[in-house]
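Bear in mind that the values in this text are calculations on the coordinates, not laboratory data. What you see is a predicted model, and the numbers here were worked out from it, not measured in a lab. Reconstructed Cβ throughout: ideal geometry from the backbone, glycine too, with neighbour counts over all protein chains shown.
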Amino acid sequence: MNSSLNDNNYYILGLDVGSINTTAVVAKVDESGVSICGVGKNTTSGLKKGVITNIEKAASSIKNATKEAIRSAGKNPDKIIVSIAGAYTHSVKSQGIVSVLSGEITIGEIKRAMQLAQDNAVVGKDRAILHVLPYSFKVDGQDHIEDPIGMCGSRLEVFTHVVTADENSVRNLIKATKLAGLEIDNMVLSGYASAISTLTKEEKELGVGLIDMGGATCDIVIHLGNSIIYNESLPVGSSNITMDLSKALNTPLANAEELKTNYSKLLEEDTKELRIPTMGENSSTHTASMDIVIKVVYARIEETILLLYKQLESSGYLNKLGAGLVVTGGLAKIDNDIRNIISMAFGNIPVRLAKPKEIGGLYEICNDSEYSCVIGLCLYGAGHFTRYEIDSNGHLKYLDNKKIDFEKSISSNNQEEYKNENSETKDDETSVKLTQTLRDVNDISAFKKFINRLKQIF
């Protein structure tokens with residue numbers, strides 16, 4: 001399937017079914033590019049840790065979010081792209097080799113090689129293939145071929161990253177969307193979608209790790225050169241902080257969630273004590289120390305970062321990330337100093353906190369890292385995928401030379417953001433660092449132990 005932004009004017013619905021929120025975005029695609037024209041959000045029911053546990057409840061959340069987005073846009077979508085959580089997925093490597101009978105490589109040879117790689121992939125009978133992504137090509141034994149199209153040769157080899165999902169989980173997601181009145185055109189790995197909306201061309205070429213820190217899971221994607229080469233999901237997220245705050249402070253979950261959301265603001269205001277509702281008592285309140293809130297939040301951040309480090313280290317790609325790490329998602333904005341903490345944990349690796357790429361329309365959602373995945377879904381539907389790909393329908397997608405170079409158009413803006421975030425000079429009066437705040441707490445032993453552990457690791 002040849003896809004281009006300039007083929008037609010049409011509308012895309014991106015649907016991100018998260019464990020905490022279900023988010024829908026309607027985007028218009030025309031000759032000028034992609035613009036957001038409708039947004040809808042609904043609290044998710046029927047999902048836990050990214051896995052559907054109740055189809056009817058999940059369908060209700062999907063329906064409410066999509067109705068709001070469509071009403072906001074005033075247009076029905078022509079294409080519906082849905083995310084599938086990393087918790088469902090596994091990946092394998094596979095290879096395909098074909099002869100080039102004509103002596104010149106065409107899209108036909110590339111398609112045959114990729115289909116052979118798909119057939120050669122060792123996946124279980126209960127697995128559905130979501131993506132076949134070529135990360136490397138060889139022509140007549142010559143490796144590091146960026147794009148073999150048009151090259152002369154007699155033998156083409158393709159090396160692919162194959163993303164699979166639990167087949168029953170895929171069916172349950174399809175059933176839930178159908179119950180909501182939707183017909184899915186494509187399913188996309190959530191981490192892949194976030195990578196599309198946040199990573200620059202330069203970062204991909206150098207090698208970069210994307211961490212999407214969500215409500216119930218953290219998705220990891222590593223991009224080297226042409227394509228994603230690694231993906232994984234960890235069952236930790238910001239919802240753990242909400243639960244811990246509720247237990248530690250004896251306050252309802254809704255109030256704990258509000259505390260978590262306002263955490264950075266409370267730090268900046270140097271809040272010492274909080275007046276919060278008491279669990280199980282309608283009108284009763286009590287005083288809670290901000291020190292406890294800091295310790296609870298920090299404990300979960302520490303746990304999450306250490307798990308991420310362990311996972312990335314075990315991937316074997318940690319030392320190949322020339323562009324460092326890019327962090328996005330809701331948990332990434334919980335504390336102003338999380339970039340520095342992650343960088344320290346990973347041996348002072350460069351870390352960039354990323355928001356979605358700036359596109360037209362309702363641009364304000366591009367300033368919120370929570371929308372990275374859903375905007376990536378819209379961009380995927382508009383043709384911003386890997387140069388060659390076999391999608392969730394088993395169709396070959398490829399980009400021709402006429403495609404708008406979206407990445408190039410935004411790269412300077414994103415690089416400026418990168419420079420600003422990695423600058424050593426910060427306004428200390430307006431930004432209260434977590435480390436500084438912790439030093440004001442009577443008991444900072446946990447933080448010291450964490451730093452010492454990091455030093456021991458390295």
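Run the numbers for residue 261 and residue 174: contour at 0.36 nm per residue of separation, minus the present Cα-Cα distance, in nm.
Here the answer is 28.1 nm.
Rounded, prolate or oblate: which one fits region 40-94, using the alpha carbon gyration tensor with axes a ≥ b ≥ c (rounded when a/c is under 1.5, else prolate when a/b beats b/c, else oblate)?
The shape class here is oblate.
Picking from 207, 154, 217, whose Cα lies most toward the positive end of the charge dipole for region 148-225 (charges on Cβ: Lys, Arg +1; Asp, Glu -1)?
154
With each pseudo-label sitting 7 Å past Cα toward Cβ, what's the residue 368-residue 286 distance in nm, one decimal?
3.3 nm
Taking a 27 Å limit on the Cα-Cα distance, which of the listed pairs 49/260; 41/295; 111/201; 57/204; 111/204 fall beyond it?
Distance filter (> 27 Å) returns 41/295; 57/204.
Obtain the nm distance between the two label points defined at residue 306 and residue 49 by a simple spin-label model: each point lies 7 Å from its Cα along the Cα-to-C-beta direction.
Going from the residue 306 label point to the residue 49 one covers 1.9 nm.
When the chain is fully extended, how far beyond the present Cα-Cα distance does residue 299 get from residue 111, taking 0.36 nm per residue of separation?
That pair, residue 299 and residue 111, stretches by 62.8 nm at full extension.
Suppose R0 equals 22 Å. What FRET efficiency, 1/(1 + (r/R0)^6) with r the Cβ-Cβ distance, do residue 152 and residue 31 give to the nearest 0.05?
Values: r = 35 Å, r/R0 = 1.60.
Efficiency for this residue pair is about 0.05.
For residue 142 and residue 314, what is the calculated FRET efficiency with R₀ set at 41 Å and r taken between the beta-carbons, to the nearest 0.05?
0.85
How high is the FRET efficiency from residue 57 to residue 125, r the C-beta distance, R0 45 Å, rounded to 0.05?
Efficiency computed from Cβ-Cβ geometry: 0.95.
Going by how many other beta carbons lie within 10 Å of each one, how would you line up 92, 236, fewest first?
92, 236
For 161, 90, 223, 395, what ranking results if the residue with the fewest other Cβ atoms within 10 Å of its Cβ goes first?
395, 90, 161, 223
Residue 95 versus residue 250, label points 7 Å from Cα toward the beta carbon: distance in nm?
For the pair residue 95/residue 250, the computed spacing is 6.4 nm.
Which whole-number percent gives the relative contact order of region 89-164, counting Cα pairs below 8 Å spaced six or more residues apart?
This gives 48 percent for region 89-164.
Relative to the present Cα-Cα distance, how much length would full extension add between residue 202 and residue 9 at 0.36 nm per residue of separation?
In short, 66.5 nm is gained.
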